[in-house]
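First up is the structure itself, then whatever we jot down about it.
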Amino acid sequence: MKLFKKISIGIVTLGVIITSCTSPSEKSGDDLSVEYEKYTLDNGLDVILHQDDSDPIVAVSILVHVGSNREKPGRTGFAHFFEHMLFQRSENVPDGGFFKNIDEWGGTFNGGTWTDGTIYYEVVPKDALEKVLWMESDRMGFFINAVSLASLEGEKPVVQNEKRQRVDNQPYGHTQSVILKALYPEGHPYNWTVIGELEDLQGATLDDVKEFYEQWYGPNNATLVIAGDIKKDEVKEMIAKYFGEIPSRGVDKPMDPQPVKLTETKTFYYEDNFAQLPEIRMTYPTVEQYHPDQWALDALGQILSDGKRAALYKAVVEETKVAPDVSSYNSSNELAGTFTIRVRANGGTDLDSVRTVLNEALNKFDKEGFDVKDLERIKAGLETSFYNEISSVLGKAFQLALYNEYAGDPSFIEKDIANIKAVTKDDVMRVFRKYILDQDKIVTNFVPIGGGDLAVEGAVAADIKEEGINDFGQSEVIEEEGDFTIVKTESSFDRSAEPSFGDKPLVTPPTIWTDETSNGIAIYGVEANELPLVNFSMRIMGGHYLDNPEKVGVANLMTDIMMEGTANKTPEELEDAIGQLGANLNMFTTNEFIQVSGNCLTRNFEATMELVQEIILEPRWDEKEFDRIINQTLQSIKQRETNPNSIATVVMNKKLYGENHILSHPSVGYEDHVKNISIDDLKAFYASNFAPNVTNFHIAGNVSQARAINALGRLKDGWEQKEVAMPSYEVPSLPSTPQVYFVDVPEAKQSVIRMSRLTVDADDPAYNEIMVANDRLGDGSSGRLFQILREEKQFTYGAYSFPGRSAMAPGTFTAFSSVKSSTTKDALDTFKEVIGTYGDTYTTDDLEKTQTAMIKENARNFETLNNLLGILQNISTYNLPLDYINNEQKVVTEATIESIQSTVSEYFDLSNYIFVIVGDKATQFDQLRVNGPGDPVLVDRYGNVAGAM
């Protein structure tokens, strides 16, 4: 049955499926319509088809209605673990098929698990659609007989490594676990985190896997969405063939809501090995998703903390200055919901004082309420947000699947948006008083090691199971008892035969137009009329490269202060002006440029650009905001010093570029530098380095060339040129023997391993050769690093390598991973072996797969406005030709084994590399010691030698 739905926001009818235009015409949005088709197979599988031929790609999404809320106590983390298992093999898809095949077909893929569901997705060139359906159906209906004890045990260390990377080795990583256990009673489906406990995962058995699969992974408990360049009748035949014969099984009834109510406030503290700043969270129980109060609670979250007028922001940041920021948000899930207020305070701040500030602010909010303009601002952003969410076929697929599975209607967004728009000021104040004001809550205090006295009075120590560095020893891959034979499930056709590719996709690159203003702004644009949106960016070249090495961090502060009002608008007024347009504007600093980025509806483009003109040409230099930004930066520097990945980056840059190069310094700066920066330093930087003749403007979206140029206004007519002197820095010679540095982070559960070297300039043809050579080494899950370090040896959650481009210095080539601490030496040796033998082991098959993948993935390069903007930014920033993608493709097609081996020999020689390892010195450092080159040097968190060895 065909269903045609319309979704309205104000006067604009929005389309979930948008067909491409036959001729350029700027759209306001009112001519778009929704078209999707939903039907249900006899086995209960919901199927939704979305036809969109804008690009020759297809997104496939399968949402299974099972998350961590379906797990049993003692088997926590199983839904997520099961998601991992489904990427291994099935009866007819061989080991690692998903990891290897999708990459090699030019696609991208992943999966995700949360409390209420698990989703799997692929985006591929349209000729690979049948192949994807073959694989997806095989794991839905023909998976369980392929699970062996070896595959079960082999995946456990991978998931354990993911927990170490995302939770155990991260500041504040255990917060959610403490909150859930305190908020929900034992046995409640939300009492544990999605990742679960390591010992529960370690105890998982084959019977557990089989039970979970049979109970929850039936087609009757899932939604399949296919969105993109499809022919519906052909796709329906494929779906019937591959999914139609899978029998219904297990449970497909949604769980009833299980909201909770506290009878007392519970307060906990934890001394966090990776936290430098004390953090307090107050978590209140609220309502499940789609409860009538959800939308007002969602609005309340933004109104309390988002914006200069917000009650919590004013109290915490402006008046008492106990923290550089504050956040609040509602999270309504399928069974229950929470409302969270979070403050990461200034270093050394007593959290009792922060709690007092929060309570006083909430009481004041109760008495004074809020400005209705803040509610209007939230509603104004709805339309832009909606279009952004459906700007890709994958975004459309996700939206349809989620609404279908949890609201029972793919077009529920119509009601969702209407409910948000219907929220009134009275609604917001009502839910505030009902769920937040003077209500019992869970209060968590995460403080630095030794900072227990910073926790609020009466807090009790949280019960957190800390893994020891040598706990859960590396599993040996269990040998099968005899020959493990997969018993094939009967099918109506030969499922072992992989389908052929379909018709070759026709890729049509966008037409790029260029121009230059009389004052020197270089302009690059692409007109794209599918959606009534515009994305743009302005890059002012220089950035951190123009910092004074004696006062690093000025360029970084520039982009914060310039978004805090203009000469004619206070910070609050600028915020209102952006919000009322439903636009997104931000500004940031990189090593080599300062960027203003914008996203808005086409009809609001000129008004948004008028604000950009004010921001660039009429900075306010607000002293109060400057003080706040300085404090915020100092707090971020403190936290950087305990983040293992940030430490690795800082040390690597110092060793790569040498102490006399500006890029050896972090762009955010150092504590002593930032404390000595004045607002006059920022004014001087602006006066010397902001100029149109070092500026590039990029625009992609539903506007014509003439309209885009005209919208620059005073930026092209009133901004005077000036000479900007770009400094020149020498880079050190490549090392002739490996240089290894070790940074101690005591009790680290993982070691960060990073190896890097300088390579070539951004426009050097050798960059493309390095990129092609790297494809089978570390570009994705099909690369050797991933396959060996994760899949074969289970040292890590992922291992990759990539070439980096730089506009003002040589580029880099980097390989990296985070590995279980106790495997540090073995993992480092494996990195060296894989990279060191890569040229010798490179085969014709490798080359063919690289060529297929890199040519086919071009079908995905032009889909979204962000994709198009990225192409334009590459052209301007790195001085590339307009058709540089064609040049990249030519290098791919002309590559030979000999050319790959030559590139590997020149750029992948480990004797030229610098290695940085961040981990636990007490257990790992001595294991890395060697006699001669490669012996590690112990350095501090800024790369300075820590002492004699």
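The table that follows gives values for the structure above.
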quantity	calculated
Helices (runs of 4 or more DSSP H) completely within region 180-256 that count 1 or more residues being without any contact (Cβ under 8 Å) to a residue 60 or more places away in the chain	206-216, 232-243
Total residues in region 912-934, condition closer than 23 Å to S646 by Cα and either within 30 Å of the chain's Cα centre (by Cα) or loosely packed, with under 14 Cβ neighbours inside 10 Å (or both)	9
Test: residue in region 892-911 that is touching a residue at least 24 places away in the same chain (Cβ under 8 Å), surrounded by fewer than 18 Cβ atoms within 10 Å (Cβ to Cβ) and not in a helix (DSSP H, G or I)	yes
Any chance L828 is at pLDDT 95 or above, out of contact with any Asp or Glu (no Cβ under 7 Å at 6 or more places or on another chain), farther than 29 Å from P746 by Cβ and open to solvent by less than 20 Å² (accessible area, probe 1.4 Å)	no
Selection count where residues are in a helix (DSSP H, G or I) and open to solvent by less than 30 Å² (accessible area, probe 1.4 Å), scope region 406-434	7
Of the criteria (1) open to solvent by less than 10 Å² (accessible area, probe 1.4 Å); (2) part of a loop (DSSP other than H, G, I, E, B), which one Q170 fails	(1)
Flag if V674 is touching a helix residue (DSSP H, G or I) at 6+ places or on another chain (Cβ under 6 Å), within 30 Å of G348 (Cβ to Cβ) and buried (at least 21 other Cβ atoms within 10 Å of the Cβ)	yes
Near pairs, Cβ below 7 angstrom, 6+ apart or cross-chain, from region 557-569 (among the acidic types (D, E)) to any residue that is open to solvent by 20 Å² or more (accessible area, probe 1.4 Å)	E564/R620; E564/D622
All strands (runs of 3 or more DSSP E) inside region 40-133 with 1 or more residues being of a type in the set (D, E) and open to solvent by 20 Å² or more (accessible area, probe 1.4 Å)	46-51
Among the candidates D352, D371, residue that is surrounded by fewer than 22 Cβ atoms within 10 Å (Cβ to Cβ) and under 15 Å from M282 (Cβ atoms)	D352
Output for region 299-320, where each listed residue is of a type in the set (K, R) and open to solvent by 30 Å² or more (accessible area, probe 1.4 Å)	R309, K314
Looking only at region 801-813, and only at residues there that are more than 20 Å from the chain's Cα centre (by Cα) and outside any loop (DSSP other than H, G, I, E, B), the one that is surrounded by the most Cβ atoms within 10 Å (Cβ to Cβ)	F813
Residues within region 436-466 that are part of a helix (DSSP H, G or I) and either in contact with a Lys or Arg (Cβ under 6 Å, 6 or more places away or on another chain) or open to solvent by less than 30 Å² (accessible area, probe 1.4 Å) (or both), tallied	2
Subset of region 148-163 that is surrounded by 19 or more Cβ atoms within 10 Å (Cβ to Cβ) and among the small types (G, A, S) - its residue that is nearest to L206 (Cα to Cα)	S151
In region 625-668, the residues that are touching a Pro at 6+ places or on another chain (Cβ under 7 Å) and more than 28 Å from Y729 (Cα to Cα)	E625, R628, N631, Q632, Q635, Q639, T642, N643
Residue that is assigned to a helix (DSSP H, G or I), of a type in the set (A, V, I, L, M) and open to solvent by less than 20 Å² (accessible area, probe 1.4 Å), where the choices are I871, I855	I871
Selection count, region 297-336, where residues are in a helix (DSSP H, G or I), more than 18 Å from E625 (Cα to Cα) and either in contact (Cβ under 8 Å) with a residue 60 or more places away in the chain or of a type in the set (V, I, T) (or both)	7
Conditions (1) part of a helix (DSSP H, G or I); (2) out of contact with any helix residue (DSSP H, G or I) (no Cβ under 9 Å at 6 or more places or on another chain); number of the one not met by V930	(1)
Of residues in region 374-405 being acidic (D, E) and surrounded by 18 or more Cβ atoms within 10 Å (Cβ to Cβ), the one farthest from V534 (Cα to Cα)	E405
Neighbours by Cβ (under 6 Å, 6+ apart or cross-chain): first from region 863-881, more than 15 Å from N696 (Cα to Cα); second in a loop (DSSP other than H, G, I, E, B) and hydroxyl-bearing (S, T, Y)	E863/S392; T864/S391; T864/S392
Check on T850, outside any loop (DSSP other than H, G, I, E, B), buried (at least 18 other Cβ atoms within 10 Å of the Cβ), in contact with an Asp or Glu (Cβ under 8 Å, 6 or more places away or on another chain) and not aliphatic (A, V, I, L, M)	yes
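Conditions tested, residue by residue: (1) open to solvent by 20 Å² or more (accessible area, probe 1.4 Å); (2) farther than 23 Å from D681 by Cα; (3) at pLDDT below 95.
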site	(1), (2), (3)
V612	no, no, no
I615	no, no, no
E618	yes, no, no
E641	yes, yes, yes
I647	no, yes, no
V650	no, yes, no
L663	no, no, no
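The values are calculated or read from the model by the stated rules, or taken from the named source; none is laboratory data. This one's a predicted model, so the numbers in the text were calculated from it and none came from an experiment. Cβ coordinates were reconstructed from backbone atoms using ideal geometry, including for glycine residues, and neighbour counts include every protein chain displayed. We work out accessible area using only protein heavy atoms, side chains counted, and drop any ligands, DNA or RNA first. Shrake-Rupley method; radii C 1.70, N 1.55, O 1.52, S 1.80 Å.
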